[in-house]
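Taken together, the values in this text are just the output of simple stated rules run on the coordinates, not laboratory data. Predicted model, so just to flag it, every value in this text is computed and none were measured. Don't worry about glycine lacking a Cβ; one is built from the backbone with ideal geometry, like all the others, and counts go over all protein chains shown.
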Amino acid sequence: MIDHVYITVSDLGRASAFYLAALKPLGWREIGFYESDTPGVPNLFGLCDRVYGSGEAIGASIWLRERQPGETGLYLGLAADSLDEVDATHFAALAAGGQDDGGAGPRPHFGPGYYAANVIDLDGNRLEIVNKAVNPKRPG
């Protein structure tokens, strides 16, 4: 399941206004602005779907981030059902030729119970495998 996507934009203010207006009919809303003080983690503007954070289902989010010089590609967050799945996926991605972009472990700067691993694929796209304690367990 897709948990979140980062979209790199040239102007965070302009892009956030666009996405808020464009996705409002789908029930998407603002999560807020995340001002980072963590090295390597950019400032972000977040939007989320109707169920995000409700505890009823795993919600999806889009995070807008200002494009850095030379930056291209996609950043995709994929939901894992357990910490073991995060670890196993990270290991498998590295074994398949991916590059480590942040080993498996807690990410307390994103919230309590946020555990993730980051990998860069063969074309420079970034993947985050994440398990969030706030997400309900998926059936079966």
Any idea which of G77, V9, P39 is furthest toward the positive side of the dipole for the chain, if Lys and Arg beta-carbons carry +1 and Asp and Glu beta-carbons -1?
V9
Here the relative contact order (percent) of the chain, from C-alpha pairs under 8 Å and at least 6 apart, is 24 percent
Rounded to two decimals, what is the ratio between the C-alpha radius of gyration of the chain and 2.2 N^0.38 Å?
1.05
Order of 6-15, 113-122 by packing, highest average Cβ count within 10 Å first?
113-122, 6-15
For the charge dipole of the chain, defined by +1 on Lys and Arg C-beta atoms and -1 on Asp and Glu C-beta atoms about the Cα centroid, which residue among A21, G55, Q99 has the Cα displaced farthest towards the positive pole?
A21
Can you compute the charge dipole magnitude of the chain about its Cα centre, using +1 on each Lys and Arg Cβ and -1 on each Asp and Glu Cβ, nothing else charged? Give it in debye, rounded to the nearest 20.
500 debye
If the elastic network links every pair of Cα atoms under 10 Å, which of S82, S61, S36 fluctuates the most in the Gaussian network model of the chain?
S36
